[in-house]
Amino acid sequence: MLNPYPSTATKAQLIDMVFEELGRAGYDFDRTPNEELSVLRKTDALLAQWQAQGCALNYNFPSTFGQSLPTEYIGIPDAAMDTVALWVAFRAAPGIGKTLSAETRKAMADGKAFLFAETSSIPNMKLPKTTATGSGWKPWNIWFPFETDTWADTVILADIVLADPAAKATLDFATTVGNAHQGAQLTIASDASGRFTLQGTLLEAAALPAGTYTMTIRQTLPGATNSPYDTVATVTAS
């Protein structure tokens, strides 16, 4: 969990980190207040999206979207600042004609995976004995209490989810593949466009023309009852 981590930063410090990542340090006098407010709006939108996806970082959201001020306390743990700054820079880069390096996009993916893992809450429970016959506890468990519940360790793979399925046309694209089972190998089973590559959980493409791209991402995990498991994923570039 991220709650025990200290949280001491302001939104102005995040703005500085974003512009530093874009090659425009704090002493850049050409940086306008409107550009800084644009970064804050992108931060509001990004962290609202992450919170809806289950990654709540205790961000100090404004009462009205887009009304954040640089002087406000940011609320997120200091441990999350670097990753959030990288993702905001990624979203701000096209507007100022910048692109992020492959190393930076790898750091983005690793950082996001860490934050989502630290804030995730996975329920762990068995179905009660009153569950309808055919699932849950079996009646014979009452009479044979030492029987091993072999079904409890069954692994079933589920659909993967793209963190950011929208891309900017003609620009490099990167997003994280989420919801994959821990330890599962991810591969692209089919990609008609031939433009995408998958490194770990990082899905990338270079200079996508406008359009909709569909691919099949496969999870392979020894011991899973439905391995290999395919998910059809779609990326839209506009």
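Points to keep in mind about this one:
- Sparsely packed loop sites in the stretch 175-238 (the chymotrypsin sites (Phe, Trp or Tyr not before Pro) outside DSSP H, G, I, E and B with at most 14 other Cβ atoms within 10 Å) do not occur.
- Efficiency of FRET between ASN34 and THR99 - r from beta-carbon atoms, R0 35 angstrom, step 0.05: 0.95
- Under the combined filter of DSSP loop state and at most 15 neighbouring Cβ atoms within 10 Å, the stretch 35-116 retains these GluC sites (Glu not before Pro): GLU72.
- Residue-by-residue Karplus 3J(HN,Hα) for the stretch 5-20, coefficients 6.51, -1.76, 1.60, Hz, glycine and proline x: 6, x, 9, 10, 8, 10, 5, 5, 5, 5, 4, 4, 5, 5, 5, 4
- Calculated on alpha-carbon atoms, Rg and Dmax of the stretch 161-237 in Å: 12.6, 41
- Whether the stretch 11-118 is rounded, prolate or oblate, judged on the alpha carbon gyration tensor where a/c under 1.5 counts as rounded: oblate
- R0 of 35 Å, Cβ-Cβ distance GLU20-ALA158: FRET efficiency to nearest 0.05: 0.35
Throughout, read-outs are computed from the coordinates displayed, never taken from laboratory work. In this text the structure is predicted, and so the values were computed from the model without any measurement. Methodologically, a virtual Cβ is constructed for each residue, glycine included, from the backbone with ideal geometry; neighbour enumeration extends over all protein chains shown.
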